[in-house]
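Every number here is computed from the coordinates shown, using simple stated rules; none is lab data. Owing to the predicted nature of the structure, the values given are computational and were not obtained by experimental measurement. Please note: Cβ atoms are built from the backbone with ideal geometry, for glycine as well, and neighbour counts cover all protein chains shown.
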Protein chains: 2
Amino acid sequence: MTTPPGNHAALLARRARVLAPTYRLFYEQPLQIVRAEGVWMYDDSGRRYLAEQPLQLAEELLATLPRELDSVIFTCTGSEANDLAVRISKAVTGGSGFIVTEFAYHGATEVIAGMSPEDGRPLGPGVYTVAAPLGADGAAAFGERVGRCLERMQADGVRLAAMLVDTIFSSDGVVADPRGFLADAVRKVHEAGGLFIADEVQAGFGRLGEAMWGFARHGIVPDLVTMGKPMGNGHPVAAVAGRAGVFAGFAKGGSYFNTYGGNSVSCATALAVLQVIRDENLLENARRSGEHLMRGLRGLAQRHTAIREVRGAGLFIGVELGANAASGRSGAAETRRVVNGLCRRGVLVGSTGRDGNVLKIRSPLTLELQHADLLLEALDQTLQSPE
Amino acid sequence: MTTPPGNHAALLARRARVLAPTYRLFYEQPLQIVRAEGVWMYDDSGRRYLAEQPLQLAEELLATLPRELDSVIFTCTGSEANDLAVRISKAVTGGSGFIVTEFAYHGATEVIAGMSPEDGRPLGPGVYTVAAPLGADGAAAFGERVGRCLERMQADGVRLAAMLVDTIFSSDGVVADPRGFLADAVRKVHEAGGLFIADEVQAGFGRLGEAMWGFARHGIVPDLVTMGKPMGNGHPVAAVAGRAGVFAGFAKGGSYFNTYGGNSVSCATALAVLQVIRDENLLENARRSGEHLMRGLRGLAQRHTAIREVRGAGLFIGVELGANAASGRSGAAETRRVVNGLCRRGVLVGSTGRDGNVLKIRSPLTLELQHADLLLEALDQTLQSPE
């Protein structure tokens, strides 16, 4: 969608529709800057499409989200997006309490580090944790845990601002199931007057293979959605999408400014990523390659007792390793050995989980069946190897 | 400087020399990834210079800084750099108190917003403010104010972590003088066990015309220097430079991770900016054009009573406007009128200061004398105009 040159009114209306009211205009008559050279910038008598890119990106992102989420604020990193979501939820609820998972990681700002127990630093004030669903837990268990957490907060006199969780629990050990386990928790959070912030920095942009966003697997609509990492496929661009009412409440307290948030180059990069996801059918590829990989890993688990569990969705897979009986290594030591053994065999994966004993397989969305087979073969060899 | 291909030991030594110990290696045998295609990445048997760019950038930045500052952590934005500097100073001092100026702006994360009273939101816990030097203040006044602030903190039982200020006070109304006014304050901060964080996001990279960094005008060496905005000249790249001891203290508590901080493309962009600053003699240009502009503005002040004071250094200039006697407008209203009048005449400047009555002239460093003259003419016309 492009707006005819010179039609500032139409452009402003479009802007008001998709960008949060935290943005402000610098001049009484807004400028539509489209190019610059030396000390000069030029307005929209020339090439104007450049400056429309933030609007186009906001529109294309919102088209992938439930209609309740109707505007966007751009930042540069996922940490900034989560930090901003936290600021917003404090401002609009008046609360200061947050619920995160026991071994969460949401980013590196001072406040978000306090909500990232994976980092090993102390929890921030008002931050409460709940355990991720464990192997035997049914769909109701996580909701019950959040319910008890809310009771603890109430007893402590802490008012809830938000629950902030990944839509597939990543650093807790790649916890994806049971499907829908977030729904009951989100209902309880809303009843307590809090917001639900879906951290899609890792799960988003089609990684789970079924939909663009991880929260879709849970049948829920978040109040705020944070995104980053894959959004620019190597370029720093990130965003918060949210419900209009939530942004409006925050905007009452002032504007939000981010020098490079939503600059045209970053937006062009993110638009190209969305285009490639569509053109190359990467959701379908993530689903197909992910299923193939998961099947292969479950096959390996039959032959290697070191593999305790295979979890995940799409191309976001966790392989939990137990102690190696033959070598006497702990699960964590065995995982370190496997990570480095895979590296020598040309496969790069990380490790995660509270006990450091989960291989985190989060491959490029372009992974094909043949690449998945190489990974499986390298893992098979590494697990067999006596090194 | 380039390291011979395959010499990982030399590369690791170089890395240890200039990057803070908060960085960690992901594998026992570190990888030197130099290119990628599809799902594949290639190590340094091929083009290897790409992955050296973070090291080269760190080396080139450190070469512009006092030798006490000897390593770097990369982030993506100035807000992230200030937020990280705050995390570091809390961790290494054990304190939680901060001193900022009365109308400071340092960024948009939750914690930094609490240190940015310009934003209009409440100060964060443990944040104290001091007034910027006023017209008649001598060099000692600011130090005395910081001394009294430290006494207030002590009385409140708040332990100092750091003083965080711009090296030319920007949002307080572009306060540059008296030259050296920060020195006494920094001495007192150190005596109280706190760190001095120099926010160079606006003043840095040669803007003040005399040196790369604004703190040079004050004859001081900061413990941490934050930089961003002009560092990538349109691209999101930022950093914290610091003393080795300070980073080592922070690294004891764990590593710092920033997905896009220090990526090769961002580093290449920042290296190009440094190259252009050198090749085009932009420091000398900022000094010469800045002096010309300042002289012209002082000339206008002789003829226009609306101009109350002209302040600044290099190409970072503030023009304080008083009430317009003829129209009865307040200083702030007159400033808004002038900002929009200049815009119509093709000159884009902002406004700042507690009372919103200071034109903030922070032009591109490529501003030439002829462009400065255009600005002066447009301001002359706008001030004369009855609109």
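Temperature 4 °C, viscosity 1.567 mPa s: under these conditions the Stokes-Einstein estimate for chain B, based on its Kirkwood radius over C-alpha pairs, is 59 µm² per second. Rounded to two decimals, the Cα-based Rg/Rh of the range A:282-384, with Kirkwood Rh, is 0.95. Spin-label model, residue A:330/residue A:384: points 7 Å from Cα along the beta carbon direction are separated by 3.0 nm. Charge tally for residue B:154 (other residues, Cβ to Cβ under 14 Å; Lys, Arg +1; Asp, Glu -1): +1. Panel order for A:158, A:100, by other beta carbons found within 10 Å of each beta carbon, from fewest to most: A:158, A:100. Checked against a 32 Å cut-off, the cross-linked pairs A:188/A:252; B:188/B:360; A:252/B:188 give Cα-Cα distances beyond that limit for A:252/B:188.
A Förster distance of 30 Å, applied to the separation of the beta-carbon atoms of residue B:295 and residue B:345, puts the FRET efficiency at 0.90. Dividing the mean sequence gap of close Cα pairs (under 8 Å, 6+ apart) by how many residues chain B holds gives a relative contact order of 16 percent. If a spin label sat at a point 7 angstrom from the Cα of residue B:374 along the line to its beta carbon, the backbone N atoms of the range B:259-294 nearer than 18 Å would be those of B:286, B:289-290, B:292-294. For the pair residue B:305 and residue B:102, a Förster radius of 35 Å applied to the C-beta separation gives a FRET efficiency near 0.80, rounded to the nearest 0.05. Of the residues A:376, A:208, A:195, the one that moves most in a GNM of chain A with alpha-carbon contacts below 10 Å is A:376. Label-point distances for residue A:308 to the equivalent site in the other copies, using a point 7 angstrom along Cα→C-beta, read 6.8 nm when ranked shortest first. Taken along the Cα-to-beta-carbon direction at a fixed 7 Å, the label points for residue B:10 and residue B:272 span 2.8 nm. Applying the Kirkwood pairwise sum to the alpha-carbon positions of the range A:174-254 produces a hydrodynamic radius of 13.8 angstrom.
Within the shell of other residues whose beta carbon sits under 14 angstrom from the beta carbon of residue A:99, the net charge comes to -3, with Lys and Arg scored +1 and Asp and Glu -1. Counting charges near residue A:225 (Lys, Arg +1; Asp, Glu -1) among other residues having Cβ under 11 Å from its Cβ returns a value of -3. Computed from label points 7 Å out along Cα-Cβ, the spacing between residue A:281 and residue A:151 is 5.1 nm.
On the principal axes of its alpha carbon atoms, the range B:79-127 extends 29, 20, 15 Å, with the longest extent given first.
Taking Cα centre as origin and charging only the Cβ of basic (Lys, Arg, +1) and acidic (Asp, Glu, -1) residues, the dipole magnitude of the protein assembly as shown rounds to 280 debye.
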